[in-house]
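Data first, discussion second: the structure below is written as structure tokens.
The values are calculated or read from the model by the stated rules, or taken from the named source; none is laboratory data. The model shown is predicted, which means the values in this text are computed figures rather than measured ones. Heads up, the Cβs are rebuilt from the backbone with ideal geometry, glycines too, and the neighbour counts pull from every protein chain shown.
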């Protein structure tokens with residue numbers, strides 16, 4: 001499917017990191033883009049820079065998602081491209097013992113549920129509602145394609161590290177639903193893929209010392225560095241353009257395999 005001035009797109013988590021890079025790519029290609037994000041200050045600033053629409057959105061809240069999609073569609077029309085990048089990470093072991101006191105603690109159930117709600121249920125909610133809208137559109141490709149959805153999983157979904165149980169479970173869920181959703185929507189010409197990024201330089205890494213970032217980059221076989229969000233956006237662009245890519249979860253990781261910690 002082509003990306004041009006007649007294409008409407010939404011990007012969740014679009015105010016920073018992988019989402020921002022994707023929004024920049026789509027905007028540069030000529031698409032009409034809506035940024036869905038919780039960070040209003042950053043989102044409004046980026047929307048002004050790119051001449052996009054910003055919609056403050058909590059992907060875990062159905063009313064918030066409905067309002068955001070209504071605003072985006074009023075400005076740009078029904079989206080043909082939806083990219084889900086919104087996500088959070090909370091680090092905690094399933095159960096652990098404090099070294100100083102010997103007290104045994106378990107993972108906060110509220111924190112676990114929060115990560116699942118944002119990363120997995122939030123992704124599904126936006127995907128389902130966006131897909132329903134795409135089904136109202138006329139096909140635009142020779143094969144009858146109406147739209148493309150790209151979700152963000154993670155290599156942690158298959159190689160979760162110590163303390164990543166909630167994050168890993170959520171990202172494994174995103175990967176796990178890719179094929180069945182693609183099959184659900186196949187008759188109506190909506191393609192669905194997921195990207196499984198490895199170690200990418202996003203705002204999450206900005207809190208780490210430079211030495212720590214360098215060490216993480218050095219752990220990647222080749223290229224031995226952190227990924228650039230623009231490289232994630234390049235893969236999104238290719239997925240949209242290549243009509244044969246469907247139902248696939250694609251690793252984008254420089255051949256890294258995560259160690260236990």
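Of the residues making up the range 19-32, just one is under 14 Å from residue 45 (Cα atoms), surrounded by 24 or more Cβ atoms within 10 Å (Cβ to Cβ) and touching a residue at least 40 places away in the same chain (Cβ under 8 Å), namely 20. The combined condition, being more than 13 Å from the chain's Cα centre (by Cα), more than 24 Å from residue 2 (Cβ to Cβ) and surrounded by fewer than 22 Cβ atoms within 10 Å (Cβ to Cβ), is not fulfilled by residue 186. Residue-level analysis places residue 39 outside the set of residues that are under 23 Å from residue 125 (Cβ atoms), within 17 Å of the chain's Cα centre (by Cα) and surrounded by 24 or more Cβ atoms within 10 Å (Cβ to Cβ). Remark: pairs (first residue in the range 208-230, farther than 24 Å from residue 86 by Cα; second residue in a helix (DSSP H, G or I); Cβ separation under 7 Å; 6+ apart in sequence or on different chains) = 224/217; 224/218.
For the range 46-99, the strands (runs of 3 or more DSSP E) that sit wholly inside it and include 3 or more residues that are buried (at least 17 other Cβ atoms within 10 Å of the Cβ) are 53-56, 81-84. I want to confirm something. Restricting to the range 121-132 and keeping residues that are in contact (Cβ under 8 Å) with a residue 12 or more places away in the chain and surrounded by fewer than 22 Cβ atoms within 10 Å (Cβ to Cβ), which single residue is nearest to residue 148 (Cα to Cα)? Going through the qualifying residues, I end up with 131. Screening residue 220 against (1) out of contact with any helix residue (DSSP H, G or I) (no Cβ under 9 Å at 6 or more places or on another chain); (2) in a helix (DSSP H, G or I); (3) surrounded by 17 or more Cβ atoms within 10 Å (Cβ to Cβ) leaves a single unmet condition, (2). Counting residues in the range 214-225 that are modelled with pLDDT of 95 or more and in contact with a strand residue (DSSP E or B) (Cβ under 9 Å, 6 or more places away or on another chain) gives one or more.
Among the residues that make up the range 144-161, is at least one of them at negative phi, surrounded by fewer than 19 Cβ atoms within 10 Å (Cβ to Cβ) and at pLDDT below 95? Yes, because at least one residue in the range 144-161 is at negative phi, surrounded by fewer than 19 Cβ atoms within 10 Å (Cβ to Cβ) and at pLDDT below 95.
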